[in-house]
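Asker: Before anything else, here's the structure in question.
The values are calculated or read from the model by the stated rules, or taken from the named source; none is laboratory data. What you are looking at is a predicted structure, and each value in this text was computed from that prediction instead of being measured. Virtual Cβ from ideal backbone geometry, glycine too; neighbours counted across all protein chains shown. Just so you know, the surface numbers come from the protein's heavy atoms only, side chains and all, with ligands and any DNA or RNA stripped out. Shrake-Rupley method; radii C 1.70, N 1.55, O 1.52, S 1.80 Å.
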Amino acid sequence: MDRTTQLTARRTELTGPVRTSGPPPAPGAGEIVRSEPDVYDPASSVRTAGQVRTAGPVRSAASLHLRAARVLEDNWTGASTVPSRGLYPHQWSWDSAFISIGLRHLSPLRAQTELETLLGAQWGDGRIPHIVFNPSVPLDAYFPSPDFWRSSTAGRAAGAPRTVQTSGIVQPPVHALAAWLVHLSDPGLSRSRGFLSRVYPHLAAWHRYLLHRRDLGGGGLVSVVHPWEQGMDNSPTWDEPLSRVTPAPARSFRRADLDHGAAEDRPTDLDYGRYVRLATDYRDGEYADGRGEFAVEDPAFNALLIASEHALARIACELGAAGTARHTRAERLTAALVDRLWDPAEGMFFCRDVRTGDLVPERSVAGLIPLLLPALPRDIAAALVRTACRPHFGLGDTTRLVPSYDLTGEAFDPHRYWRGPAWFNTNWLLERGLRLHGERGRADALRDAALRTADASGFAEYVDPYTGEACGALGFSWTAALALDLLHEPHEPDESGEPLGHDVSPLGIGTFRHE
């Protein structure tokens, strides 16, 4: 019995079985399984005034496993997992990708269902919307709500689904990578259900949309058209491009997020007004790309697309097709990323404002994320590691986890959303990147710090990078899921003796041998 099975059996003994959706009905060719969500339950825990949780020792691997599994169980709706019951009561795109990576250690079937539910809301033009709305959730529980996005009407020309309400923007393309890792967790189940053969066309269409509709700068990279698309919503990286946007009047919308999170942790009203203006204009333009005031090439978004393109190549090979063209495309995108966004003097990647053509001189964790790419030139990977360890990010020195923004920057705030706190998904990506490029000691230290901090913070949404103090929602799904992945993924050489990071990488994609 392997470690995961032992721990899961122990959890069953103590708390009952981990609930899954049950075997879904046999799908037809190309069909994605969807299930009806459960009734909305707003119960959640958030940070309250005076509450401080700091990182301490992990009590035990078994204990951490059981409590992370409980978070994912509590946030499971029967078809997908909400990020948190109160603050984020719907399905989020990149959240579900990260969640499925952790769920594969509990139930590969449920991990597959998580992705299938999301892909069931894909638009005809290939985009995967950043939110899939649960119809049982009241409209005033989250803003912007379905009646703001009007996907089935405003998105009709772009092929928005008629029976599911979604947003009209996207989030980072982690999905093919997640699908490949989920497959690797139980290849027998995956093959018997035809999991990869059913999701592959949807993932390929998603990448086509990004590569063909979102190359707004003409240099081969994808642009985001809203800060919410990149996932790091209020990063100081967006301040300069957003300054051109006239904010929507405060009276024109009501922020439901402040009902569940501390105001000092959340984006300002001014920022939110600009987000609403951009989203309104995009909606009123029927979600056509390339017309808005905001268009930015982001290194993290593009790095995740490249990693997922490598994963799609692996999926193609598993399905009996050649993956060479996709690996070649990933390598070409890596070269474009270096050409357009790398700053050798600063030793990191920066965003490019497509409307001005200039790099945005703000140091964000997004500029370190390309470390996860297998074809990144060795000197650039080494420079990224040095930058991560220097005072701007403090890896292994002044911080528990890598912050979302420059510790020395004027806009740094250790508690305000993406303007300084440390997030578990970005640190998971950096841990994978460090391991991939041979930085085993630093990767081990970051892994241990992430596990300790997740454990002590109550699986917080994000934390103070210095103290590990919990911020935002507690019991956050991707924090629990990625803690499970760090806990259970092997970190030693494989059985052949070949170290991880050569052809068998920490992300399961590695490099590709042209055969």
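Asker: Only one of (1) open to solvent by 10 Å² or more (accessible area, probe 1.4 Å); (2) touching a Gly at 6+ places or on another chain (Cβ under 6 Å); (3) assigned to a loop (DSSP other than H, G, I, E, B) is not met by ARG208, so which one is it?
Answerer: Condition (3) is where ARG208 drops out.
Asker: What number of residues in the range 130-159 are free of Cβ contacts under 8 Å to residues at least 60 places away in the same chain and closer than 20 Å to GLY292 by Cβ?
Answerer: Final tally of qualifying residues: 4.
Asker: In the range 170-202, what residues are closer than 27 Å to PHE148 by Cα and crowded, with 24+ Cβ neighbours inside 10 Å?
Answerer: VAL170, GLN171, PRO172, PRO173, VAL174, HIS175
Asker: Please verify whether ILE380 is part of a helix (DSSP H, G or I), under 23 Å from ILE128 (Cα atoms) and touching a residue at least 24 places away in the same chain (Cβ under 8 Å), treating the condition exactly as stated.
Answerer: no
Yes/no matrix, rows are residues, columns are (1) among the charged types (D, E, K, R); (2) within 23 Å of ASP271 (Cα to Cα); (3) under 19 Å from the mean Cα position of the chain (by Cα):
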site	(1), (2), (3)
GLN165	no, no, no
VAL170	no, yes, yes
LEU177	no, no, yes
PRO187	no, no, no
ALA204	no, no, yes
GLY219	no, no, no
GLN230	no, yes, yes
SER243	no, yes, no
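Asker: Taking the range 334-371 only, how many residues are closer than 13 Å to ASN302 by Cα and touching a strand residue (DSSP E or B) at 6+ places or on another chain (Cβ under 9 Å)?
Answerer: Here the count works out to 14.
Asker: Tally the residues that are among the polar types (S, T, N, Q) and under 19 Å from PHE393 (Cα atoms), restricting the search to the range 443-495.
Answerer: Matching residues across the range 443-495 total 2.
Asker: Among the residues of the range 383-398, how many are assigned to a loop (DSSP other than H, G, I, E, B) and of a type in the set (A, V, I, L, M, F, W, C)?
Answerer: The number of residues fulfilling the criteria is 2.
Asker: Consider only pairs whose beta carbons are under 7 Å apart and that are at least six residues apart or on different chains; among these, list those whose first residue lies in the range 227-246 and is without any contact (Cβ under 8 Å) to a residue 60 or more places away in the chain and whose second residue is open to solvent by less than 10 Å² (accessible area, probe 1.4 Å) and in a loop (DSSP other than H, G, I, E, B).
Answerer: Partner pairs satisfying both residue conditions: LEU242/PHE294; VAL245/PHE294.
Asker: May I pose another question? Hey, could you check the range 404-451 for residues that are more than 21 Å from the chain's Cα centre (by Cα) and part of a helix (DSSP H, G or I) and say which is surrounded by the most Cβ atoms within 10 Å (Cβ to Cβ)?
Answerer: Residue satisfying both the conditions and the ranking: ARG442.
Asker: Also: Across the range 126-141, what is the total count of residues that are assigned to a loop (DSSP other than H, G, I, E, B) and surrounded by 19 or more Cβ atoms within 10 Å (Cβ to Cβ)?
Answerer: 8
Asker: Ok, one more. Do the conditions hold for GLY396, that is, is it more than 22 Å from ASN234 (Cα to Cα), over 22 Å from the mean Cα position of the chain (by Cα), surrounded by 19 or more Cβ atoms within 10 Å (Cβ to Cβ) and not hydrophobic (A, V, I, L, M, F, W, C)?
Answerer: When the stated conditions are applied, GLY396 does not pass them.
Asker: Exactly one condition in (1) of a type in the set (A, V, I, L, M); (2) out of contact with any strand residue (DSSP E or B) (no Cβ under 8 Å at 6 or more places or on another chain); (3) at pLDDT below 90 is false for ALA262; which is it?
Answerer: Of the numbered conditions (1) of a type in the set (A, V, I, L, M); (2) out of contact with any strand residue (DSSP E or B) (no Cβ under 8 Å at 6 or more places or on another chain); (3) at pLDDT below 90, the odd one out for ALA262 is (2).
Asker: Touching a residue at least 60 places away in the same chain (Cβ under 8 Å), open to solvent by less than 10 Å² (accessible area, probe 1.4 Å), out of contact with any Phe, Trp or Tyr (no Cβ under 7 Å at 6 or more places or on another chain) and in a helix (DSSP H, G or I): is that true of LEU401 in this structure?
Answerer: no
Asker: Cβ-Cβ distance below 7 Å, separation of 6 or more or different chains: which pairs start in the range 361-376 with a residue that is at pLDDT below 95 and open to solvent by 10 Å² or more (accessible area, probe 1.4 Å) and end on one that is in a loop (DSSP other than H, G, I, E, B) and not β-branched (Val, Ile, Thr)?
Answerer: Matching pairs, first to second residue: PRO374/SER505; PRO374/GLY510.
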